[in-house]
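Have a look at the structure below before the remarks.
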Amino acid sequence: MVSYTEQMQGIFNRYIAEVSASPVSLDEVAEWAIRKRLFFPQPRDVSKLCREALAESLRHEKRVDEKGRKYRSKHSVREAIGGAQLNLWADIDSAPRSFMERSFAQRRKSISDDCFQIKQDVDHFNDRDPASSPIQMILDFSEDVAEMEALRYGGSEAA
């Protein structure tokens, strides 16, 4: 049986094959898929909808500390409990250090995974078109972070 994700990928691939391979807004693809009766939403569990809305909202909650740093106030840790994968949430200002260490490590791993994937994508694209100058992808973000800190804090010591 095809997964929901694979069904959505299939809709996009069918759009490319039947309509256009040019870059396209997903709004346009969605309208096309609905018109063609290719999309049938699954009934959703109200509890799951609420959980997803809570998680999305908590990811965006920010505070400003006494040094003027805007920081994310709610953090999560993915954990297997009783054979199920759960996301446990806590407030950064009251969470135990061990929880925050795991949260930061998981977020760093997610960023690392994204960097690995973009490198794979760029390498594939560059190999596909060897006659052109290769796209360079710098994966060291130290200068980017330093520049953002300098812009936000005017070069003052913020950390």
- Kirkwood Rh in Å, taken over region 1-42 so that all alpha-carbon pairs contribute: 10.6
- Query: Using θ = phi - 60° and the Karplus curve 6.51 cos²θ - 1.76 cosθ + 1.60, what whole-Hz ³J(HN,Hα) does each residue of region 78-84 get, with Gly and Pro shown as x?
  - Reply: 7, 8, 8, 10, x, x, 10
- Along principal axes, Cα extents of region 1-75, largest first, whole Å: 56, 33, 21
- Task: Compare Val29, Val77, Val145 in a GNM of the chain, Cα atoms joined below 10 Å, and give the one with the largest fluctuation.
- Result: Val29
- Task: Write out the trypsin sites (Lys or Arg not before Pro) in region 1-61 meeting two conditions: DSSP loop, and at most 14 other Cβ atoms within 10 Å of their Cβ.
- Result: Lys36, Arg37, Arg44
- Could you calculate the contour length gain from Arg107 to Leu151, that is, 0.36 nm times the residue separation minus the distance between their Cα atoms, to one decimal place in nm? 13.4 nm
- Query: What are the lysines whose alpha-carbon lies under 23 Å from the alpha-carbon of Lys74, with same-chain residues fewer than 8 places away excluded?
  - Reply: Lys48, Lys62, Lys109
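List the residue ranges in the chain for DSSP H helices whose C-alpha atoms run 18 angstrom or more along the long axis and whose Kyte-Doolittle average is -1.0 or above. Numbers along the way, then the final one.
Numbers: long enough: 4-18 (21 Å, -0.68); 46-60 (22 Å, -0.20); 97-128 (46 Å, -1.28).
Long hydrophobic helices here: 4-18, 46-60.
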- Query: What is the ratio of the Cα radius of gyration of the chain to 2.2 N^0.38 Å, where N is its residue count, to two decimals?
  - Reply: 1.41
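Percent relative contact order of the chain, based on C-alpha pairs within less than 8 angstrom and at least six residues apart? Display every interim value, and only then the final one.
On the way: 81 pairs, mean separation 16.5, N = 159.
Here the relative contact order equals 10 percent.
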- Task: Distance between Cα centroids, region 1-36 to region 121-141: provide it in whole Å.
- Result: 27
- Query: Counting each DSSP H run of 4 or more residues in the chain as -39500 (n - 2.57), what helix-only mean residue ellipticity at 222 nm follows after dividing by all residues, to the nearest 500 deg cm²/dmol?
  - Reply: -17500 deg cm²/dmol
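Bear in mind these aren't lab numbers, they're just calculated from the coordinates by the rules spelled out. Owing to the predicted nature of the structure, the values given are computational and were not obtained by experimental measurement. Positions of Cβ are backbone-derived with ideal geometry, glycine not excepted, and every protein chain shown enters the neighbour counts.
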